[in-house]
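Structure, as structure tokens:
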Amino acid sequence: MDDKRIFIFDTTLRDGEQVPGCKLNTEKKIEIALQLELLGVDILEAGFPISSPGDFESVRRISEALREPIICGLSRAVEKDIEVAADALKPARRARIHTGIGTSESHILYKLHSTQEKIIERAVAAVKKAKSYVEDVEFYAEDAGRTDNEYLARVCEAVIKAGATVLNIPDTTGYCLPEEYGAKIRYLKENVTGIDKAILSTHCHNDLGLATANSISGVQNGARQIECTINGIGERAGNTSLEEVVMIMRQHPYLGFKDGINTRLLYRTSQLVSESMAMPVQPNKAIVGANAFAHSSGIHQDGVIKKRETYEIIDPLEVGVDHSKIVLTARSGRAAIAYRSKQIGHNLSKEELDLVYQEFLQVADQKKEVNDDDLSAIIGKVVVTVS
Ligand code: KIV
Ligand code: ZN
């Protein structure tokens, strides 16, 4: 396996679905799961089977329906959770149990009322239990972002010995800075005995808007799996956005990272998730937002019309968006008016363009955006005046 192959672990249907008001029924989840399979995700976290009969059923049905990705089910470090996850995953061609426990001081003291040593014992027992059902066991050290590195390394070492194949290092509260998170991954790479037997995974939340940056810093420092969601949905401020990390790796090929995503399906997948969850994508969202390839100021429009690359680093076709948009607003210039007029069938002379532009400014000051009908009406008026 290529040393720089990055595995994309999609958790849209688990962490993503934890967003208040975004609950999906099983049929919708299967539809999204099939789309994620087409998209090319390597691992699909289908749900948290013990959490409800509906989630159990969704994980089971997704395990039946998909052939390509590894299907993963979440559990706490609790025997019953692991048994139920294993049961739900039975039909999967390749199954993974994702189990874990909090490792930060605040989780151990206030949430779990326990001690560091007891947490290691519980972590090891959970991994062994999961290992009795499946070969592929991922361990998460919840709140690893705020866990002391030396203790985190001891936890990792113990769960690798117990059979964990993937170590998830979640920045559960989105606290870390990119350099700090990257240094944590590097520390584990350099200080955990047996680390070569496991894959390190990033799982970054977006409370400070750093989830994507932290995930990239993680892989630059040795992680080989990124946990992420479509549109970056997830608990609170969300999770790492799949489309962002993938396009960062594509835009910076010299980093050498490879993934198996068909980027041309990113926009369609984003729309499906957004519509299914009734969760609109913010217009300025990177890669998939309505304005990601829209240009409205005259200076930018002039540049893009002359050569798209002047103001776009990504070809919209590469992510499944038909074309860049030249939006007509009061900030637009003559180049944009001429361009859009031509698109609707009017090749304006210089004299006509000057007149259309003056009239356009009057209309644009009244309206947020001048659409094709408005432009047609302006041209009709001016062309009559000229001829
Ligand atoms: O953010 C987190 O720590 C999680 C774990 C359950 C993996 O979602
Ligand atoms: Zn999470």
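Note that the stretch 44-53 has calculated 3J(HN,Hα) couplings of 10, 7, 8, x, 10, x, 6, 5, 6, x Hz, one per residue in order, obtained from phi through the Karplus relation 6.51 cos²θ - 1.76 cosθ + 1.60 (θ = phi - 60°); glycine and proline are x. Per residue, the accessible area of the stretch 294-386 comes to 59 Å², computed with a 1.4 Å probe over protein heavy atoms only. Here the simple spin-label model places points 7 Å from the Cα toward Cβ, and for Arg331 and Val363 these points are separated by 2.1 nm. Here the chain carries DSSP beta bridges of which approximately 0% are antiparallel, counting only pairs with both residues inside.
Take every Cα pair under 8 Å whose residues are at least 6 apart in sequence, average their separation, divide by the length of the stretch 1-157, and the relative contact order is 18 percent. Charging the Cβ of each Asp and Glu at -1 and of each Lys and Arg at +1, and nothing else, the dipole of the chain about its Cα centre rounds to 360 debye. How high is the FRET efficiency from Lys80 to Lys381, r the C-beta distance, R0 51 Å, rounded to 0.05? Efficiency, from the Cβ-Cβ distance: 0.10. The GNM of the chain, with springs linking C-alpha atoms under 10 angstrom apart, assigns the highest mean-square fluctuation among Phe360, Phe56, Phe139 to Phe360.
The base-10 log of I(q)/I(0) for the stretch 294-386, evaluated at q = 0.15, 0.16, 0.17, 0.18 Å⁻¹, reads -0.56, -0.63, -0.70, -0.78 [Debye formula, identical scatterers on Cα atoms, solvent excluded].
Axis of helix 116-131 versus longest Cα principal axis of the chain: the two differ by about 80°, to the nearest ten degrees.
Solvent-accessible surface of the stretch 7-277, averaged per residue with a 1.4 angstrom probe and all protein chains in place: 39 square angstrom.
Nonpolar atom fraction for the stretch 7-277, defined as the carbon and sulfur part of the 1.4 Å probe accessible area, stands at 52 percent. The value of relative contact order for the chain, using C-alpha pairs under 8 Å at least six residues apart, is 13 percent. Comparing Ser376, Gly232, Ala153 along the charge dipole axis of the chain, the residue lying farthest to the positive side is Ala153, per the Cβ-charge model. Phi-derived couplings, Karplus 6.51 cos²θ - 1.76 cosθ + 1.60 at θ = phi - 60°, listed residue by residue for the stretch 133-139: 10, 9, 6, 8, 10, 9, 10 Hz, with x used for Gly and Pro.
Given R0 = 35 Å, the distance between the Cβ atoms of Asp372 and Met279 translates into a calculated FRET efficiency of 0.75. Panel note: the C-alpha atoms of the chain, placed on their principal axes, show extents of 87, 41, 41 Å (largest first).
Comparing Gly289, Gly21, Gly54 in a Gaussian network model of the chain (Cα springs below 10 Å), the most mobile by mean-square fluctuation is Gly21.
Once the Cα atoms are used to define both axes, helix 178-191 deviates from the longest principal axis of the chain by about 30 degrees.
Among the protein heavy atoms of the stretch 294-386, carbon and sulfur supply 51% of the accessible surface, probe 1.4 Å, non-protein parts ignored. Relative to the longest principal axis of the Cα atoms of the chain, the long axis of helix 242-251 lies at roughly 70 degrees. Every pair of different Cα atoms in the stretch 12-141 enters the Kirkwood calculation, which places the hydrodynamic radius at 15.0 Å. If you run the Gaussian network model on the chain, springs between alpha carbon atoms under 10 Å, then out of Val192, Val59, Val356 the most flexible one is Val356.
The values are calculated or read from the model by the stated rules, or taken from the named source; none is laboratory data. The model shown is predicted, which means the values in this text are computed figures rather than measured ones. Cβ: placed from backbone, ideal geometry, glycine included. Neighbour counts: every protein chain shown. SASA here: full protein model, heavy atoms, side chains in, ligands and nucleic acids out. Shrake-Rupley method; radii C 1.70, N 1.55, O 1.52, S 1.80 Å.
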